[in-house]
Amino acid sequence: MRNLIVVLGLMLAPAWADEPYKEYTSAEHFEPHVSGDLQLTGTYRYWKDPAKLDLRLAGHPDDSWKLNWKHMDYPFNKEMHAGHLALDRGLTLFKKLNRSGTFKNCLVMYRLNGKYETSLRGLRTAFPAYRTDLGRVAGLEEVIEHCAALEGEVLQNGSHDNSAVSLYVASQSLGMPIQIDVSSGPLREAWKRGERLYHQKIGRNNMSCASCHVERVGQSLRATVVTSPYGDVAHYPVYRDRFGITSLHIRFAQCSLELGFNALKPGSPAYTDMEVFMTALTNGYPVSVPSERP
Amino acid sequence: MHTIWRVILVAFLCGSPLGYGYTPGEMMDPKIPTKTLMPKIKVDSGLLEWVPYSVDLSPWPTLCVDDPRPMPRPKKAQYVGPLRGDAVRGKAIAMDTQRGNCVTCHAIPGEEWPGTFGRDLRHYKQMRMSDADLYQQIYDVRTSAPRAVMPPFGALGILSDQDIRDVVAYLQSLE
């Protein structure tokens, strides 16, 4: 098998030189902080403080997009929905997985502020993170899958139960600002790759994420209006009526199919790069779960 | 580079085209008619299901960083008149989300919730655009506007020559 790969590699080596033709939406300046939205859409001032949203906007069909849907987030939206049930299940699953305490130790194995943390508090705000045990940058759901496997349980990345545990872990950081550092190291590299992917025009419509989330914010596609990409990660995993408990990578898969290209498996390096990029755009915004989105 | 080598390259870089279980992986299954899979979240389960998707998206590059499949370059259409388009068919194509899909981005007569990405087309005839220019706008507008958001329906092979003629006839009928 290895020989085959080497032979193929040699045959294909010249192919590297010839970059496949793709277009890129011209790159806007992105800030790794939620306030960067003020340069992009300017709507941040309406949803900056989740406790003080302007409800008159919510009732306005032409203007409600300016709230970036934040009126559907907990604790502003206290209505009962399936996200709450999933959070309860997440707690039950967590207790079961953590019978011997090793599951939690596996999850919290990361450095925040230079010291090893022992509590779930704040954990959500520091993912994706570079994990020495995996040797790569990984999102919370990927780490949940990995740590559950060490306990002999299968919690596939993107599955309902994986997202339920993720939701429970996120709830332990409720109200705390997302805070990942993309200024250096592997996270910087991931941010840069993610930013490039965000502008790459591909698929059956020759569109990039930026074609809509940068160039057409506030415009509608039939009845849905495109909103800012800043601040979105704070409410994931999110409950979507038609799909169920949706992790960010599952959302990427759904976006991909809608835009006209194949989905990748949750946990794929490209999705993790996109997650790093979008999480950095949420830096400084409080974790708000459980939430719902159409 | 030959297509078959591109496909094999994708297999190595972005997972296997033979389906499940590869990380990283493009989610497709060559044994089903559309080859394309979509995730299905099963309540209270640790397994993620993948079920057939309605459209075959396997020719297109994915979001994978090193996907070597190229996108079609901007292309000038070889339009020759007369138009010979069928406006009734054209309207159906414009409303069909899997074909022209114009209504998702443009106002079209008879649609209550049209999109606002592009101009209102409800009185398109008043713009007095030539058939040839409108044909090229739908076929591939990147030849004159490289940064356009509107999909190049002809260059991507989404609409055929006759489809585009029909849509042109429809738009030119909107007084």
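The numbers here are math on the coordinates, done by the rules we state, and not lab data. Predicted model, so just to flag it, every value in this text is computed and none were measured. Counting neighbours? That spans all protein chains shown, and the Cβs are built from the backbone with ideal geometry, glycine included.
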Which of the three applies to chain A, rounded, prolate or oblate, going by the alpha-carbon gyration tensor with a ≥ b ≥ c and a/c under 1.5 meaning rounded? oblate
State the antiparallel share, in %, of DSSP beta bridges confined to the protein assembly as shown, rounding to the nearest 5. 90 percent
Filter the trypsin sites (Lys or Arg not before Pro) in region B:129-175 down to the DSSP loop ones having no more than 12 other Cβ atoms within 10 Å, then list what survives. B:ARG147
Cut-off 11 Å between beta-carbons: net charge of the residues surrounding B:ARG165, Lys and Arg +1, Asp and Glu -1: -3
Cβ crowding within 10 Å averaged over residues, with A:37-46, A:121-130 ranked highest first: A:121-130, A:37-46
Average other protein chain Cβ within 10 Å of Cβ, residues A:153-162: 5
If the cut-off is 17 Å between C-alpha atoms, which lysines fall inside it for A:LYS96, apart from same-chain ones fewer than 8 positions away? A:LYS104
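Could you calculate, for region A:51-178, the ratio of the Cα radius of gyration to the Kirkwood radius, expressed as Rg to Rh?
Expressed as Rg/Rh, it is 1.05.
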Tell me the mean residue ellipticity at 222 nm calculated for chain A from its helices only (DSSP H runs of n ≥ 4, each -39500 (n - 2.57), averaged over every residue, nearest 500). -11500 deg cm²/dmol
For the residues B:SER130, A:SER256, A:SER35, A:SER159, what sequence is obtained by ranking on other C-beta atoms within 10 Å, fewest first? B:SER130, A:SER35, A:SER256, A:SER159
For region A:138-162 and region B:90-154, what is the centre-to-centre distance using only Cα atoms, to the nearest Å? 45 Å
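Given charges of +1 on the Cβ of Lys and Arg and -1 on the Cβ of Asp and Glu, with all other atoms neutral, how large is the dipole of region B:87-172 about its Cα centre, in debye to the nearest 20?
Dipole size: approximately 180 debye.
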Among B:ILE164, A:PRO290, A:PRO229, the residue whose Cα sits farthest towards the positive end of the charge dipole of the protein assembly as shown (+1 at Cβ of Lys and Arg, -1 at Cβ of Asp and Glu, taken about the Cα centre) is A:PRO229
Determine the dipole magnitude for the protein assembly as shown: charges of +1 sit on the beta-carbon of Lys and Arg, -1 on that of Asp and Glu, nothing else is charged, the reference point is the Cα centre, and the result goes in debye to the nearest 20. 220 debye
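Okay, helix-only estimate at 222 nm for chain B: each DSSP H run of n ≥ 4 adds -39500 (n - 2.57), divide by all residues, round to 500 deg cm²/dmol; what do you get?
It lands at -7500 deg cm²/dmol.
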Set A:LYS52/A:LYS95; B:LYS76/B:LYS125; A:LYS201/B:LYS40 screened for pairs whose C-alpha atoms are more than 29 Å apart: A:LYS52/A:LYS95
In terms of the Cα gyration tensor, with a ≥ b ≥ c the square roots of its eigenvalues, is region B:31-153 rounded because a/c is under 1.5, prolate because a/b exceeds b/c, or oblate? prolate
Please state the shape class of region B:87-172: rounded when a/c is under 1.5, otherwise prolate if a/b exceeds b/c and oblate if not, all from the C-alpha gyration tensor. rounded
